[in-house]
Amino acid sequence: MDETDEIAELTERLVAIPSHEDEAAAGDAIESWLRAETDATVERDAVGNVIAYKRSREAGGDDPGESSTRPHTLALVGHHDVVPPGERQTTGEGIDGEYVVERRDGRIHGRGAADMKGAVAACLLAFRDASPPPGRELALASFVGEEVGGEGARHAIDEGFAPEYALVAEGSTNYSKPGVTDVAVAHKGRRASTLVATGTAAHASEPEAGENAIYRACDAVDVVRTLDPPEATVFDEPVRGSLAVTKLHGGDTWNAIPDRCTVTIDERTVPGDRADIGRAPDAVSGVEWTVEQDLPPMACGDDAFADAALDASRDVHADRGLDTPEHVVKPHATDAGWLAGAGTAPVVCGPSEPGEAHTDTESVSIPVLDRCYEIYLDLAERRW
């Protein structure tokens, strides 16, 4: 079986396993494949992450990776949880049936094909086939809980997962131009927060007897509208965040002055900068600010590694007569943000295209999966 057929079949096998509520079966499949196909050290942690390691054989030691100095680690990183499928993506009633997987027109269709079981398949095969150079440990990590705030990545980091370098195989295809798989050296984060305005209830016929929480909330929104969105530059690439009020809720009936109003804010953060939302409660009495979710942004902190990843991608594209990929910025958060915060130098490079993930028509290109396998294999064996 050639590598393209093997990637396609492994992708279909993984996509067919439901993993939107319980990732255990998908993790079982990944773990069993690694144990059957490689001689790597394979770990399954308490939350269900699958992590494997292998090293090159170096002079002076009988065991893989034995040397007088600790090798650096390059990790190929993915996740095997998915968002809930659409009705067309399952058999049976609702989202509780088996996942539907179809191969047509050179693509694999099904929930998780693009985000990101196809990329996990490419990582698995590259991990198996790569011969890392002396001084390098190669790791493979497939996390749980990425879609719900990076729960698996955070657990692994807390338990000591600390590769010096990581290629996170989230989507970077067709970013700079059609038909290429770029290398993202930065991505935005997401901070979700609320401003809660409190006041004093009163009958609406006597509004002066109360303190209108909606008015206080609107004053706070006016402050938010004056704030500059965060900005940064990574590898000469501009990274521009955003700030938007997305919900406002206050009051329960038409004839009462409301004593509470909640404002929801979506902020896209950038490496090293955030909007000063705290100015709103400082400026308006009776307003409190609470951060509900904070997915970190990412910037690759190692120029040589970022360039090596791009060189690997460019070499694979050149061998196939394709256009030249570029360093790019990804608009949304991935587990690379958690890794960067823990000291890893990450890049993002993978087969998913803009508009594919989380859709009822999700699919991934088989030729692009094959391309990504070659990029991962090249990088795993490349020196920088």
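Here L295 passes the criteria (1) touching a residue at least 60 places away in the same chain (Cβ under 8 Å); (2) over 19 Å from the mean Cα position of the chain (by Cα) except the one numbered (2). Apart from one condition, V263 fits all of (1) within 26 Å of H203 (Cα to Cα); (2) open to solvent by 20 Å² or more (accessible area, probe 1.4 Å); (3) within 32 Å of the chain's Cα centre (by Cα); the exception is (2). Scanning region 223-267 for residues that are modelled with pLDDT of 95 or more and among the basic types (K, R) yields R225, K247, R260.
On the given criteria, is A283 at pLDDT 95 or above and within 24 Å of the chain's Cα centre (by Cα)? Taking the combined requirement at face value, the residue does not satisfy it.
Residue by residue, here is whether (1) surrounded by 15 or more Cβ atoms within 10 Å (Cβ to Cβ); (2) closer than 30 Å to E147 by Cα holds:
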residue: R225; (1), (2): no, yes
residue: P230; (1), (2): yes, yes
residue: T246; (1), (2): no, yes
residue: D282; (1), (2): no, no
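Could you list all residues from region 199-209 that are open to solvent by 30 Å² or more (accessible area, probe 1.4 Å) and assigned to a strand (DSSP E or B)? Those that are open to solvent by 30 Å² or more (accessible area, probe 1.4 Å) and assigned to a strand (DSSP E or B): T200, H203.
Quick check: anything in region 176-198 in contact with a Pro (Cβ under 7 Å, 6 or more places away or on another chain), under 30 Å from V316 (Cα atoms), surrounded by fewer than 19 Cβ atoms within 10 Å (Cβ to Cβ) and at pLDDT 95 or above? Among the residues of region 176-198, at least one is in contact with a Pro (Cβ under 7 Å, 6 or more places away or on another chain), under 30 Å from V316 (Cα atoms), surrounded by fewer than 19 Cβ atoms within 10 Å (Cβ to Cβ) and at pLDDT 95 or above, which makes the answer yes.
Residues in region 334-375 that are touching a Pro at 6+ places or on another chain (Cβ under 6 Å) and within 24 Å of R191 (Cβ to Cβ): A336, G337, L339, A340, G341, T344. Put simply, of E362, E326 the only residue that is touching a residue at least 60 places away in the same chain (Cβ under 8 Å), touching a helix residue (DSSP H, G or I) at 6+ places or on another chain (Cβ under 9 Å) and buried (at least 22 other Cβ atoms within 10 Å of the Cβ) is E362. Of the residues making up region 210-234, those that are assigned to a strand (DSSP E or B) and touching a residue at least 60 places away in the same chain (Cβ under 8 Å) are E211, A232, V234.
Pairs meeting the criteria (first residue in region 251-276 and closer than 30 Å to H332 by Cα and of a type in the set (D, E), second residue modelled with pLDDT under 95 and part of a loop (DSSP other than H, G, I, E, B), beta carbons under 6 Å, at least 6 apart or on different chains) are D273/P230. Of all residues in region 332-342, at least one satisfies being among the hydroxyl-bearing types (S, T, Y), under 17 Å from R268 (Cα atoms) and open to solvent by less than 30 Å² (accessible area, probe 1.4 Å). Restricting attention to region 21-38, the residues that are at pLDDT below 95 and either of a type in the set (S, T, N, Q) or open to solvent by less than 40 Å² (accessible area, probe 1.4 Å) (or both) total 0. Scanning region 74-99 for residues that are closer than 16 Å to T11 by Cβ, modelled with pLDDT of 95 or more and either in a strand (DSSP E or B) or open to solvent by 10 Å² or more (accessible area, probe 1.4 Å) (or both) yields L76, G78, H79. If the condition is being over 21 Å from D81 (Cβ atoms) and either out of contact with any strand residue (DSSP E or B) (no Cβ under 6 Å at 6 or more places or on another chain) or open to solvent by 10 Å² or more (accessible area, probe 1.4 Å) (or both), then region 137-175 contributes E137, G160, A162, E164, Y165, N174, Y175. Here A304 fits the description: open to solvent by 30 Å² or more (accessible area, probe 1.4 Å) and within 20 Å of L76 (Cα to Cα).
The values are calculated or read from the model by the stated rules, or taken from the named source; none is laboratory data. Since this is a predicted model, take the numbers as computed values, not measurements. Counting neighbours? That spans all protein chains shown, and the Cβs are built from the backbone with ideal geometry, glycine included. Accessible surface is based on the protein model in full, side chains and every heavy atom, while ligands, DNA and RNA are left aside. Shrake-Rupley method; radii C 1.70, N 1.55, O 1.52, S 1.80 Å.
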